[in-house]
1. Looking at Leu111, Leu158 in this structure, which one is over 19 Å from Lys12 (Cβ atoms), open to solvent by less than 50 Å² (accessible area, probe 1.4 Å), modelled with pLDDT under 90 and not in a strand (DSSP E or B)?
2. Taking into account only those residues within region 9-27 that are crowded, with 17+ Cβ neighbours inside 10 Å and of a type outside the set (Val, Ile, Thr), which is modelled with the lowest pLDDT?
3. Which condition does Phe62 not pass, out of (1) touching a Cys at 6+ places or on another chain (Cβ under 9 Å); (2) over 18 Å from Val23 (Cα atoms), if it passes all the others?
4. Return the only residue of Tyr131, Tyr119 being part of a strand (DSSP E or B), of a type in the set (Ser, Thr, Tyr) and open to solvent by 10 Å² or more (accessible area, probe 1.4 Å).
Amino acid sequence: MTETKLYEGDIKELILRKKSSFVPNGMKSTVVFEKTLYASKKDNTKTKIADALIFREDGVIFGIEIKTEYDQLSRLPTKIKNYSLSCDYVYVICHDKHVEKVEQVLSRYKLQHVGIIAYSNFKNRPAMGVYKEPVQSPMNTTQQSLQMLWKMELVKILGPFNHVVPRIDEFKNPEDFVHQRLSRKVGEPKQAYS
């Protein structure tokens, strides 16, 4: 029997099927594929596309970079740096054959906070297992996370806060309003935004 080749789309389907690996039972979440992670001049990064992002209702953002057995790892460090700036937790989901190389890359570029999930082809379907759990990204800031959201996404996130004063129209700079709201929710101090 010939083994079916697994591509990025198959792994994305796996993420949707196994969303409970990232989200506690009963918690609402949204999975977004191919979302732009904007550059940070301060951290010398370029704009990249995230393979998958999981937005949990508790405000936690997971970033997931997918590396199939056909992918090269040459751009992995720069992509992971972008995820680390925008996401609370970062995973690399990679084929079993890449696990050691991914581990080496993460170590060499001091990205030890990144988790690794390995997958393999089991009866022509991807099966995954956690090789290394992530820890919270030390590089993540609310400001960088905000940059990946569009205006309507921000409005949806901030919708439940409409009854709380001050309102957005009381701020000269709408970004100050968003920073104040999200910093209350996630507990980041206001001075983090300079």
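The values are calculated or read from the model by the stated rules, or taken from the named source; none is laboratory data. None of the values given here were measured: they were computed from a predicted structure. Don't worry about glycine lacking a Cβ; one is built from the backbone with ideal geometry, like all the others, and counts go over all protein chains shown. Protein only, heavy atoms only, side chains kept; ligands, DNA and RNA dropped before computing areas. Shrake-Rupley method; radii C 1.70, N 1.55, O 1.52, S 1.80 Å.
1. Of the residues listed, the single one that is over 19 Å from Lys12 (Cβ atoms), open to solvent by less than 50 Å² (accessible area, probe 1.4 Å), modelled with pLDDT under 90 and not in a strand (DSSP E or B) is Leu158.
2. Phe22
3. (2)
4. Numbers: Tyr119 fails: open to solvent by 10 Å² or more (accessible area, probe 1.4 Å).
Answer to the check: Tyr131.
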